[in-house]
Amino acid sequence: MSPTAHYTGYVWARAGLSDPAFVTNEGRLLHSTLAPLNLTSQLWRGPTLDGFLLARHRLIDQLLEQAVESGEISQVIEVAAGLSPRGWTFAKKYGDRITYVETDLPGMAARKRKVLAGLGSLSEHHQVVELDALADAGAGSLLELTGRLDAGRGTAIVTEGLVNYFDRDTVVAMWRRFATALGRFSTGRYLSDLHLHGDTNPTLTWVFTLGLSAFVRGRVHLHFENVDEATTALLDCGFGTAVLHLPTDFPKVIGNRRDPAAKMVRIVDACR
């Protein structure tokens with residue numbers, strides 16, 4: 001598991017968005033270690049890691065809830081779900097109205113399956129399966145998974161905390177794969193977070209990105225300069241429409257919009 005999986009699992013539970021079963025000792029330790037840095041940044045009116053994580057998570061939840069409640073979406077695939085509580089939350093809230101499939105690499109999928117089994121959440125309507133988001137076809141690919149779902153039902157693909165860890169060519173290929181997979185369903189929708197170069201001043205973006213890269217022990221990529229460039233890329237990948245929401249435009253959803261981190265992430269909302 002990456003440090004972010006542990007950390008985010010703790011942040012979501014601490015904010016009341018999750019169950020304590022999703023919390024790991026590593027997550028508690030990481031959060032306590034970074035607490036002084038978050039507090040210092042907050043005192044200087046700078047961005048915090050928690051503010052950024054909560055803003056993106058809450059807005060993705062809200063958009064997905066609206067899609068489910070409107071009847072547009074009744075199947076959800078969360079790619080690289082990690083310790084996200086979203087599948088558990090939606091399964092508990094909507095029951096057999098939806099089929100929620102959480103996916104991840106084998107080690108994380110096994111761990112998530114154990115947590116959800118302990119919560120009594122696993123069923124034919126809430127599953128955890130192994131999936132490689134970079135595979136074009138074959139066992140463990142998105143194409144293979146979507147081939148087992150009902151093509152007559154509206155389906156959403158969700159990625160959170162995933163795309164900015166890959167270079168632009170890999171992300172574009174992933175988006176093309178997602179658009180192709182969603183094309184077989186009556187309705188297809190893609191929700192994700194994305195960072196852009198131009199969403200805040202360059203110095204703040206550089207400092208925050210450098211800190212995030214150090215935290216995740218790998219490079220964080222900023223693929224696009226602005227909304228227009230990212231939107232064009234999504235449309236070129238096969239999506240029919242694409243909107244990039246700014247969390248601060250949804251203050252009732254995200255809560256504390258004063259945290260600058262909420263202005264440093266966009267939520268992709270693309271339809272097939």
Could you check the range 153-263 for helices (runs of 4 or more DSSP H) lying wholly inside it with 2 or more residues that are over 20 Å from ALA67 (Cβ atoms) and either modelled with pLDDT under 90 or in contact with a Phe, Trp or Tyr (Cβ under 9 Å, 6 or more places away or on another chain) (or both)? 168-182, 202-216, 227-236
Given ARG28, ARG58, which one is more than 15 Å from THR248 (Cα to Cα), assigned to a helix (DSSP H, G or I) and not polar (S, T, N, Q)? ARG28
Every residue in the range 118-133 that is surrounded by 12 or more Cβ atoms within 10 Å (Cβ to Cβ) and either out of contact with any helix residue (DSSP H, G or I) (no Cβ under 6 Å at 6 or more places or on another chain) or assigned to a loop (DSSP other than H, G, I, E, B) (or both), please. LEU119, SER121, LEU122, SER123, HIS125, GLN127, VAL129, LEU131, ASP132, ALA133
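Any chance you could count how many residues in the range 50-72 are more than 21 Å from PRO3 (Cα to Cα) and either out of contact with any Leu (no Cβ under 7 Å at 6 or more places or on another chain) or without any contact (Cβ under 8 Å) to a residue 40 or more places away in the chain (or both)? Walk me through how you get there before you give the answer.
Within the range 50-72, the subset more than 21 Å from PRO3 (Cα to Cα) is 59-72.
Next, only the ones that are either out of contact with any Leu (no Cβ under 7 Å at 6 or more places or on another chain) or without any contact (Cβ under 8 Å) to a residue 40 or more places away in the chain (or both) stay: 59, 61-62, 65-72.
Number satisfying all stated conditions: 11.
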Apart from one, (1) surrounded by 21 or more Cβ atoms within 10 Å (Cβ to Cβ); (2) closer than 20 Å to PRO247 by Cα all hold for ALA15; the odd one out is (1)
May I ask you to list pairs of residues, at least six apart or on different chains, whose Cβ atoms are under 6 Å apart, with the first in the range 94-110 being more than 18 Å from PHE178 (Cβ to Cβ) and the second being among the charged types (D, E, K, R)? PRO106/GLU130; ALA109/GLU130
Quick one: what pairs do we get from the range 243-272, first residue without any contact (Cβ under 8 Å) to a residue 60 or more places away in the chain and under 21 Å from GLU72 (Cα atoms), second surrounded by fewer than 17 Cβ atoms within 10 Å (Cβ to Cβ) and of a type in the set (A, V, I, L, M, F, W, C), C-beta under 8 Å, 6+ apart or different chains? none
When you look at ARG111, is it of a type outside the set (Gly, Ala, Ser), at pLDDT below 95 and over 29 Å from MET264 (Cα atoms), yes or no? yes
Of ARG148, ARG86, ARG97, the only residue that is surrounded by 14 or more Cβ atoms within 10 Å (Cβ to Cβ), basic (Lys, Arg) and out of contact with any helix residue (DSSP H, G or I) (no Cβ under 6 Å at 6 or more places or on another chain) is ARG86
Provide a single number: the residues in the range 155-176 that are farther than 16 Å from VAL268 by Cα and surrounded by 22 or more Cβ atoms within 10 Å (Cβ to Cβ). 0
Residue count, the range 182-200 (criterion: small (Gly, Ala, Ser) and surrounded by fewer than 23 Cβ atoms within 10 Å (Cβ to Cβ)): 3
Could you check the range 1-41 and list, in sequence order, the residues that are at pLDDT below 85, in contact with a Leu (Cβ under 7 Å, 6 or more places away or on another chain) and of a type in the set (S, T, N, Q)? ASN38
Mind checking which residues of the range 135-184 are free of Cβ contacts under 8 Å to residues at least 40 places away in the same chain and of a type in the set (D, E, K, R)? GLU144, ARG148, ASP169, ARG184
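The values are calculated or read from the model by the stated rules, or taken from the named source; none is laboratory data. Quick caveat, the model's predicted, so the values are computed rather than measured. Neighbour counts run over all protein chains shown; Cβ positions are idealised from the backbone, glycine included.
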